[in-house]
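Contents: one structure, followed by commentary.
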Amino acid sequence: MIHSTRPALLRWLAAAALTACCGVLVAYGNVRPADPARVSQSSAPVPHALGSPVISSKAHRDPRMEARISELLRKLTLGQKVAQMIQADIRYVTPEDVKTYRLGSILNGGGAFPANEKHAAVSDWVSLADRFYDASMDSSGGAPAIPIMWGTDAVHGHNNVIGATLFPHNVALGAAHDPDLVQRIGEATAREVAATGIDWTFAPTVAVVRDSRWGRSYEGYSERPDLVREYAGRMVQGLQGTADTPSFLDGNHILATAKHFIGDGGTNHGIDRGNNRSSEQDLLSVHGQGYVAAIQSGVQTVMVSYNSWQGLKVHGQRHLLTDVLKTRMGFDGIVVSDWDGVDEVQGCSKDRCAQAINAGIDVIMVPEQWKAFLQNTVAQVRAGDIPMSRIDDAVTRILRVKSRAGLFEKGRPSSRPLANKAAQIGAPEDRAVAREAVRKSLVLLKNDKCLLPLSPRTNVLVAGDGADNIGKQAGGWTISWQGTGNTNADFPGGTSVFDGIRSAVTAAGGTATLSAEGSYQTKPDVAIVVFGENPYAEWHGDIKSIDYQGPSDDGHEVDMQRPAPEVSAFDEANPKVSEVSHSQAPVAPNADLALLQRLRHSGIPVVAVFLTGRVRGVTPELDASNAFAVAWWPGTEGGGIADVLFRKSNGEVNFPISGKLSYAWPRGGGGSSDSALFPYGYGLGGCIRR
Ligand code: BGC
Ligand code: BGC
């Protein structure tokens, strides 16, 4: 048996954890407490999930279902069982393969579309889902029919699909401090995903982000565990429906995933896939809180994180995956590995990893090497390296989730209630929810002389490279994996920030002139400059300095000078990181700052609208602006920004500016990232009267 190393230490940790319990809100490390207007100040204790199972899921076990599952399990050969545990990417697997090898699930990773066609129609998605489903249900070769499951990264709406409603990223939703809104976003996302015949989303990310230099910071709602916990439960409920009621996983809902278990937001120096050095108590009381609420709401899958905990990759840590998550937290659904995450475990490769399965992983996401992984795993079971009981546990969980999702009864994807309803993609009611989220997440950091909200009966210059650029405002995980390579034409039905400003202003008799570089013939009454980070995802977005230095300091800037993670195999085991280091783009001079300064020096009042996936040091840009609004990465409904920047034409406030930081805003200037310029919970309201 391979299992975890350092058994003595782990035993000690387990014992320490048991005694360290229970029910007290542990101090939040370096985060200062604040009093934001609408953060829920629940006095309920935060369960640590330490000690014996402390979480009770609203998705109860059904004894009849369990009996059917054991019966089906008995009919499966070893190869068929292991095949249920394998998940391949649609770029590397065909329906014919599924028929032959009986794989249990597939995914489309970021940037994977039916037939590699970025502009695939809704019907293309559904018919591919049908073909995979039919293959899984074809029992002509003698194997039992078990419906396949398809997972996708719908992390801010159904973001791989052209025309879908793209919601603000999680960093923005945190600033809205509105759990009800989050649930409605989950519901809308579920409907759009269901329209394409897909069963499962790899969301929400419940990372508690402690260093915003991390390239995935925008996937996290907050630096504070209480907000993440509150949102996680509501997002899961929105996506899956309410457990223990008929809405649970019905035709309007899909399976959710709480990810990435555990500690992804707490790696040393914010390095993606790096090492989290927390004590076990901090790991659970800070980074574990999203899982507590997600499991209570009945989340059916949890994705394992690429990061290490105390120097060992979580993908190989039996203590965390089995003892903590499955036993103490009582999670009875599927633990899925991350994309080739097994490859990161010491002693493993992309095509074999008994350690990960023994640690407690049930579904292995091996997008490309699935066939070898399947064959090697069967051999490892035969050789006694993986106990049969572990395989049976994994397959039982997989069949349980498929049963709860109703996949044995729902029929072909195209026969399901929302399937092929193209109008569901980017539906007006979903866009309305997204626009509301854009309004509620905008945070105002500066508003000299009550400049905002503006009168719409005015002549506005709209400048900056983000002004009319939906790809830039949508951020990472947008159609492509990194969110790069998109133009406005890739967002039918979407609205840029400029589009929204133009409609607000022209309706009131004003004018809006677009000039990215900020040129004008007639001096405008006011300039709105929309600028900020370009899209990125995962390690591509890691940065060395929290200071904003212009859009090109993001994406492809992995700083190899930063201290290496303690896991010595990190760089070697992750060739993609070294690839990135070779393609570092030179840092351009900060043209955004120059633009703000030029307009300001011309005597034009300047409103800065900052598009970003995270908090950044922007003191020079703040100084160069009269008003400074953080719009985060708002997604496709750019109209929500004009909704709050402008008054009604009669001078009344249209929508209040209400967003409050869910991350402390750094002072920057090369100082420590702990030093906050604006605390958690900060955000100005616009002026009611002038
Ligand atoms: C895939 C992504 C995946 C990434 C991980 C990409 O090629 O498209 O979905 O997350 O690889 O390495
Ligand atoms: C990411 C996950 C994602 C998966 C599938 C990985 O690279 O870390 O968040 O769900 O790819 O695309």
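The values are calculated or read from the model by the stated rules, or taken from the named source; none is laboratory data. Not measured: the values here are computed from a predicted model. Note that we place each Cβ from the backbone using ideal geometry, even for glycine, and neighbour counts take in every protein chain shown. Surface accessibility is based on the protein's heavy atoms, side chains included, excluding ligands, DNA and RNA. Shrake-Rupley method; radii C 1.70, N 1.55, O 1.52, S 1.80 Å.
Things worth noting here:
- Some residue of segment 255-276 being part of a loop (DSSP other than H, G, I, E, B) and farther than 28 Å from Ser545 by Cα: yes
- When the residues of segment 334-359 are filtered to those that are away from ligand 1 (no atom under 13 Å from the Cβ) and not hydrophobic (A, V, I, L, M, F, W, C), the one that is nearest to Ala294 (Cα to Cα) is Asn358.
- Residue in segment 156-166 that is assigned to a helix (DSSP H, G or I), touching a Ser or Thr at 6+ places or on another chain (Cβ under 6 Å) and within 15 Å of ligand 2 (Cβ to nearest atom) present: no
- Against the test of being of a type in the set (Gly, Ala, Ser), open to solvent by less than 20 Å² (accessible area, probe 1.4 Å) and in a helix (DSSP H, G or I), the options Ala423, Ala419, Ala434 yield a single qualifying residue, Ala434.
- Boolean, Ser136 is in the same structural domain as Arg382 (by TED's automatic domain parsing), under 30 Å from the mean Cα position of the chain (by Cα) and more than 14 Å from ligand 2 (Cβ to nearest atom): yes
- On the stretch given as segment 67-115, residues that are open to solvent by 20 Å² or more (accessible area, probe 1.4 Å), within 16 Å of ligand 1 (Cβ to nearest atom) and not in a loop (DSSP other than H, G, I, E, B) total 1.
- Test: residue in segment 632-654 that is of a type in the set (Phe, Trp, Tyr) and open to solvent by 20 Å² or more (accessible area, probe 1.4 Å): no
- Hits in segment 489-525 - residues which are of a type outside the set (Asp, Glu), in contact with a Gly (Cβ under 9 Å, 6 or more places away or on another chain) and farther than 23 Å from Val171 by Cα: Pro492, Gly493, Ile501, Ser503, Ala504, Ala516, Gly518, Lys523
Here's the yes/no breakdown for (1) open to solvent by less than 60 Å² (accessible area, probe 1.4 Å); (2) at pLDDT below 95; (3) within 16 Å of ligand 2 (Cβ to nearest atom):
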residue: Gly541; (1), (2), (3): yes, no, yes
residue: Asp553; (1), (2), (3): yes, yes, no
residue: Pro563; (1), (2), (3): no, yes, no
residue: Phe570; (1), (2), (3): yes, yes, yes
residue: Leu611; (1), (2), (3): yes, no, no
residue: Ala627; (1), (2), (3): yes, no, no
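- Residues considered: Pro492, Pro535. Of these, the only one that is open to solvent by 10 Å² or more (accessible area, probe 1.4 Å), over 20 Å from Val644 (Cβ atoms) and touching a helix residue (DSSP H, G or I) at 6+ places or on another chain (Cβ under 8 Å) is Pro535.
- Positions within segment 448-465 being more than 19 Å from Pro656 (Cβ to Cβ), open to solvent by less than 60 Å² (accessible area, probe 1.4 Å) and assigned to a strand (DSSP E or B), in sequence order: Val460, Leu461, Val462, Ala463
- In segment 148-179, the residues that are hydroxyl-bearing (Ser, Thr, Tyr) and away from ligand 1 (no atom under 15 Å from the Cβ): Thr165
- Hits in segment 625-657 (condition: under 30 Å from the mean Cα position of the chain (by Cα) and of a type in the set (Ser, Thr, Tyr)): Thr636
- The condition (being over 22 Å from Trp539 (Cα atoms), in contact (Cβ under 8 Å) with a residue 24 or more places away in the chain and either open to solvent by less than 20 Å² (accessible area, probe 1.4 Å) or part of a strand (DSSP E or B) (or both)) is satisfied by just one residue among Gly298, Gly330, Gly347: Gly298.
- Every pair of residues 6+ apart whose Cβ atoms lie under 8 Å, when the first sits in segment 214-242 and is touching a residue at least 12 places away in the same chain (Cβ under 8 Å) while the second is among the hydroxyl-bearing types (Ser, Thr, Tyr) and within 16 Å of ligand 1 (Cβ to nearest atom): Gly215/Tyr536; Arg216/Thr205; Glu219/Thr205; Gly220/Thr205; Leu239/Thr201
- Given (1) buried (at least 24 other Cβ atoms within 10 Å of the Cβ); (2) under 19 Å from the mean Cα position of the chain (by Cα), number of the condition Asp272 does not satisfy: (1)
- Residues of segment 116-154 that are β-branched (Val, Ile, Thr) and not in a loop (DSSP other than H, G, I, E, B): Val122, Val126, Thr152.
- Taking the criterion of being more than 16 Å from ligand 1 (Cβ to nearest atom), over 19 Å from Val304 (Cα atoms) and open to solvent by less than 10 Å² (accessible area, probe 1.4 Å), the residues of segment 194-219 that qualify are Ala195, Thr196, Gly197.
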